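Working notes, structure below.
The values are calculated or read from the model by the stated rules, or taken from the named source; none is laboratory data. What you see is a predicted model; the values in this text were computed from it and never measured. Note that we place each Cβ from the backbone using ideal geometry, even for glycine, and neighbour counts take in every protein chain shown.
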Amino acid sequence: MPIAFKEWAVTVRALAEGEQLLTLRKGGIREEHKHFEIEHDRFFLYPTFDHQQGGLVRASHQPELDRALEEGVWPGGEPPAEAIDRDGGIPQPERVRIRAFAEVAASYLITDSRAIDALSPYYVWTTDYAVKRLRWKPRHPLHVIVLRTYRIPRPVTVKVRDEYGGCRSWLEIQRELPFEGTPVLADEEFERAAEEIEAIASNAVPVLS
């Protein structure tokens, strides 16, 4: 079955539009190894609304929250009121649309919050939230994963199954999906950004425990 990487719906949209080039991960509560591991080098991007909150996304990308909600297929046809209020967790829709896949272009382990701040041009979360991802499970470094993202020709709607829920990174999607698509950034633009990310991440100062 196709493997998918689970990330906030607004983040998946940003990746698919070339507005975000990386993700930050330590692992979910239900991860088998209790910490994150890059188990696959190519995967589809599965949009989830678990833990997604408007206040954790920069103001410049608040419109992407509305677009992410519009892409979900909700009971009754409309997002629930709590999704629109954005005060807390958002219930999952009945179906979501898979519109992109990604390849791991590079990965780094970070313990320096200054590096997370310097990487902020490459993600849409607030810097405070990105640093919060760093500080969770403080004994483990944060994975900075640079993704080369591709939009598939036509979004594929998939049913949200119970086994897709919870704090986990990897899913097996129960339907066929095509690894066919167009890169969201031109080669030169992506390579330039990847080099800038490498310079920041490689020069990060390790924090000794």
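General observations
- Flag for T48 being modelled with pLDDT of 80 or more, surrounded by fewer than 18 Cβ atoms within 10 Å (Cβ to Cβ) and of a type in the set (S, T, Y): no
- Checking each residue in the stretch 136-152 for being in contact with a Ser or Thr (Cβ under 8 Å, 6 or more places away or on another chain) and assigned to a strand (DSSP E or B) picks out L142, H143, V144, I145, V146, L147, Y150, R151.
- Residue check, E82 charged (D, E, K, R) and modelled with pLDDT under 85: yes
- E70 fulfils the conditions (1) at pLDDT 70 or above; (2) surrounded by fewer than 20 Cβ atoms within 10 Å (Cβ to Cβ); (3) part of a helix (DSSP H, G or I) except for a single criterion, (1).
- Test result for A59, surrounded by fewer than 21 Cβ atoms within 10 Å (Cβ to Cβ) and either of a type in the set (G, A, S) or modelled with pLDDT under 80 (or both): yes
- Residue match in the stretch 87-101 (condition: modelled with pLDDT under 90, under 21 Å from W170 (Cβ atoms) and under 13 Å from the mean Cα position of the chain (by Cα)): no
- Residue that is surrounded by the fewest Cβ atoms within 10 Å (Cβ to Cβ), among those in the stretch 133-155 that are among the basic types (K, R) and at pLDDT below 85: R139
- Count of residues meeting criterion [outside any helix (DSSP H, G or I) and within 17 Å of the chain's Cα centre (by Cα)] in the stretch 111-135: 5
- The condition of being surrounded by fewer than 11 Cβ atoms within 10 Å (Cβ to Cβ), over 14 Å from L22 (Cα atoms) and in contact (Cβ under 8 Å) with a residue 24 or more places away in the chain holds for only one of E176, E163, E188, that being E176.
Here is a yes/no grid of residues against (1) under 22 Å from P121 (Cα atoms); (2) more than 17 Å from the chain's Cα centre (by Cα); (3) hydrophobic (A, V, I, L, M, F, W, C):
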site	(1), (2), (3)
H143	yes, no, no
R161	no, yes, no
Y164	no, no, no
P178	no, yes, no
F190	yes, yes, yes
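- Search result, residues across the stretch 20-42 that are at pLDDT 85 or above and surrounded by fewer than 18 Cβ atoms within 10 Å (Cβ to Cβ): I38, E39, H40, D41, R42
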